[in-house]
Amino acid sequence: MKFKNLLATIIMLLVTVTSWAQVTSSSINGTILDEKKEGIFGAVVYVKHIPSGTNYGSTTNEKGFYVVNNVAAGGPYSIKISYIGYSDTTLTDIYLSLGEDLTSNFN
């Protein structure tokens, strides 16, 4: 009988602890490819929340992949890609939902 009570208590504690974890942000990820469809290493990704001026940033890895985590939900946002030898590219009017993992690829 004591084992059942202990097991029930442990399960209730685990359920309570996991219910505290809530998603409070979003993220943006994607790949940046050159004209040969190869990833661009070291490209800079700027994400700006237009109303507040909050900036987020990342760089691409050797496969051209980037991720910007912990971005506040809402918008509008702009995403600017910059790399030496290429013209900057900017996307505007981006809105994020709570917990959204937006994929935005650039060529």
On the full set of protein chains, 1.4 Å probe, figure out the accessible area of D88 and give it in Å² to the nearest 10. 80 Å²
With each label point set 7 Å from Cα along the Cα-Cβ vector, what nm distance links D101 and M12? 3.5 nm
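The values are calculated or read from the model by the stated rules, or taken from the named source; none is laboratory data. All of these numbers come straight from a predicted model, not from anything done at the bench. Cβ coordinates were reconstructed from backbone atoms using ideal geometry, including for glycine residues, and neighbour counts include every protein chain displayed. Ligands, DNA and RNA are stripped out before the accessible areas are found, and what is left, the full protein with its side chains, is counted by its heavy atoms. Shrake-Rupley method; radii C 1.70, N 1.55, O 1.52, S 1.80 Å.
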